[in-house]
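Since the structure comes first, as structure tokens, the remarks are kept for the end.
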Amino acid sequence: MSTQTAMVDVRSVHKSYGPLQVLKGVDLTVRAGEVTVVLGPSGSGKSTLLRTINHLEKVDSGSVSVDGSLVGYRRSGNKLHELREREILKQRTGIGFVFQNFHLFPHLTVLANITEAPVSALRRPKKDAEAAARALLDRVGLADKADAYPKQLSGGQQQRVAIARALALEPKLLLFDEPTSALDPELVGEVLDVIKDLAHQGTTMVVVTHEIGFAREVADTVVFMDGGRIVEQGPPGQVLDHPRHARTTSFLSKVL
Amino acid sequence: MPLVDPVSDTLDAPAPPAAAPPDAPDPAALRIVPRRRTGRRAAAAVVLALLALALVSVVRNDAFQWDVVADYFLTTAVLRGLGLTLWLTVAVMVLGFALGTLLAAMRLSDNPVLRGVSWGYVWLFRSMPILVQLLFWFNIGALYPTVLGVKTVDLLGPVAIAVIGLTLHEAAYAAEVVRGGILSVDKGQLEAAQSLGLGAWRRLRRIVLPQAMRAIVPPAGNMLIGTLKGTSIVSVIAVQDLLYSVQLVYHRTYQVIPLLLVATLWYIVVTSVLGAGQFFVERHYARGTAGAR
């Protein structure tokens, strides 16, 4: 089964901002078709870890591979040579990233937001890209918003457009950085529903979130991070209901 | 969890009848009378009176010679000068912003040499008065008598010197305006574009600059109007712009005031047109920011 191959392979990744050590040796494996939810308090390094997976953050040491190839580097002997920007951008087109604050392009319509990357990065004909974009909008329940500008949409709708924009590149991996944290409470559900839908279709995903209920329902693996390290990981039933570490227990008791 | 909202509960509740005064009529029938603003009216009256006095003196004082103004307003010499002023303004603005954008990109690059050179350029050309710079270029022949075998004086006429001097000056300011615009764009926009695999040129052209334009247009409009009027400085090196053209006339006729009025009125006309143009440019770049389209 394809679930046996590693889609993401993070090995002893370290990252510091000046004197502040954000990641202190993180190892993480995500198998194809699985959903990994990363939990942890603010400042635990979970967003930074996610951003190293598509090279938005460079690692100080260690390595990140997606679908068998190193992200951002080429290995020769004992050296990792940083790739040219063009090559890194190409790798990124295979990795969808959804931001906490959506980061839709405010001066472009919803449709243009979604077609921008397929047209300019994948050289798709504009017509095909637009047809695909409309299909994606339909999938996230926003078929009638193609010509709207982002500011005319609610937060939940904007985030669903952002998900459609990431999907337009047909990525093999989707990364979500606290996708519902900037939303009003009543809008969280509509975004989580779209993500759940993707999970059920077998999309490989890594989701950083504070939504414990979502983790329980959708995750194949729950990872708990604290202080730049992975404290424990396992199936949701184990990590959420029978945590082995005191740190996990105390975190869960605060957020539940 | 059942939630009770005590605030809206009290708001929704009807006011107790005991609280209303005994003789209260229907509140909907009450008329609202605005407060008298005596001070405001007095101030307006004083200002209007002063304005009227000024207007009367302008119309009554024959020394303004409005008939002479009318005579010269549309003469070929004046229109030709206006044409050169407009041409010079457009050329300086376009070249200045092209160079300024390049300087801004250099200043924001990761390359420390490019950053330093850009900083040094802005430092130097913002420090030098434009008049000094123009005189300097006018006398450049003293430094380099010949360029590639051609006499510098023949190579650089007054108009070429005006374009070069004004452009170099303009670029220093344009660089800061463009840099400010680019910095005003949220960093997340760039990250989103990167994570979608958009190349550097595409990110700048399609994502960053259109959004930066919202912050660039108002100061650029200021600069455009400043440049239009600022070109009048080239009259010192005998370039026949609008100001120099009317000067040529009044040196002959001694009708100094009416001819300066001719130039002033033209500057006002063009500035007003540019101001109106700016409105439409700003509206264009405000796409997607207004609540409704």
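The values are calculated or read from the model by the stated rules, or taken from the named source; none is laboratory data. Since this is a predicted model, take the numbers as computed values, not measurements. Backbone-built Cβ (ideal geometry, glycine too); neighbour counts: all protein chains shown. Surface accessibility is based on the protein's heavy atoms, side chains included, excluding ligands, DNA and RNA. Shrake-Rupley method; radii C 1.70, N 1.55, O 1.52, S 1.80 Å.
Points worth noting:
- Contour excess over end-to-end distance, with Cα ends at B:ASN111 and B:SER127 and 0.36 nm allotted per residue: 3.3 nm
- Share of carbon and sulfur in the accessible heavy-atom surface of chain B [1.4 Å probe, %]: 68 percent
- The relative contact order of region A:105-256, computed from alpha carbon pairs under 8 Å that lie at least 6 residues apart in sequence, is 17 percent.
- Helix runs (DSSP H) in chain B reaching 20 Å along axis by Cα, Kyte-Doolittle at least -0.5: B:38-60, B:76-107, B:112-127, B:158-183, B:209-230, B:256-285
- Taking each residue as 0.36 nm, the span from B:VAL90 to B:TRP66 lengthens on full extension beyond its C-alpha to C-alpha distance by 5.6 nm.
- Compactness of region A:115-256 as Cα Rg over 2.2 N^0.38 Å, two decimals: 1.20
- All Cα-Cα separations within region B:34-103 were binned at 10 Å from zero, giving a P(r) of 15, 18, 18, 20, 21, 7, each value a whole percent of the pairs.
- Put the Cα centre of region B:219-293 next to the Cα centre of region A:52-107 and the gap is 51 Å.
- Projecting the Cα atoms of A:ALA164, A:ALA182, A:VAL194 onto the charge dipole of region A:146-225, computed from C-beta unit charges around the Cα centre, puts A:ALA164 farthest toward the positive end.
- At 1.567 mPa s and 4 °C, Stokes D of region B:202-272 from Kirkwood alpha-carbon radius, µm² per second: 90 µm²/s
- Pairs from A:LYS15/A:LYS254; A:LYS58/A:LYS126; A:LYS145/A:LYS196 whose Cα-Cα separation, in the structure shown, is over 31 Å: A:LYS58/A:LYS126
- For region B:163-293: rounded, prolate or oblate by the Cα gyration tensor [a/c cutoff 1.5]: prolate
- Shape annotation for region A:200-256: C-alpha extents along the principal axes are 35, 22, 17 Å, from largest to smallest.
- What the Cα convex hull of the protein assembly as shown gives, in volume per residue, is 293 Å³.
- Legend: P(r) of region A:110-161 from all alpha carbon pair distances, 5 Å bins from 0, whole percents, reading 5, 24, 32, 21, 14, 5, 0.
- Three-way shape call for region B:79-145 based on the alpha-carbon gyration tensor, with the a/c threshold at 1.5: oblate
- Projected label distance in nm at A:ASP144 and A:THR249, using a 7 Å step from Cα toward the beta-carbon: 5.2 nm
- Contact order for region B:108-236, expressed relative to its length and based on alpha carbon pairs under 8 Å spaced 6+ residues apart, stands at 25 percent.
- Expressed to the nearest 5 percent, the antiparallel share of DSSP beta bridges inside the protein assembly as shown is 65 percent.
- Dimensions of chain B from C-alpha coordinates, computed as largest minus smallest value along each principal axis and given longest first, are 100, 69, 31 Å.
- Computed over all pairs of different Cα atoms, the Kirkwood value for the hydrodynamic radius of region B:157-231 is 14.0 Å.
- Solvent-accessible area lost in complex, 40 Å² minimum, residues of region B:253-293 relative to chain alone, 1.4 Å: B:ARG287, B:GLY288, B:ARG293
- Averaging Cα coordinates gives a centre for region B:159-213 and one for region A:140-169; these two points are 28 Å apart.
- Geometric extent, Cα atoms of region A:53-158 - Rg, Dmax (angstrom): 17.0, 53
- With the convex hull constructed from alpha-carbon coordinates only, region B:88-190 shows a mean projected area of 7.9 nm² over all directions.
- Given R0 = 41 Å, the distance between the Cβ atoms of A:GLU87 and B:HIS284 translates into a calculated FRET efficiency of 0.65.
- Projecting label points 7 angstrom from Cα along Cα→Cβ for B:ALA77 and B:VAL58 puts them 2.5 nm apart.
- Value of D in µm² per second that Stokes-Einstein yields for region A:1-60, Kirkwood Rh from Cα pairs, at 20 °C (1.002 mPa s): 173 µm²/s
- Across every pair of non-identical alpha carbons in chain A, the mean reciprocal distance, once inverted, gives a Kirkwood radius of 18.9 Å.
- P(r) of region B:96-254 over all Cα-Cα pairs, binned every 10 Å from zero, in whole percent: 10, 29, 29, 19, 10, 3, 0
- For region A:97-256, the share of DSSP beta bridges that are antiparallel, to the nearest 5, is 45%.
- Using a cutoff of 8 angstrom between alpha carbon atoms and counting only pairs six or more residues apart, the relative contact order for chain B works out to 24 percent.
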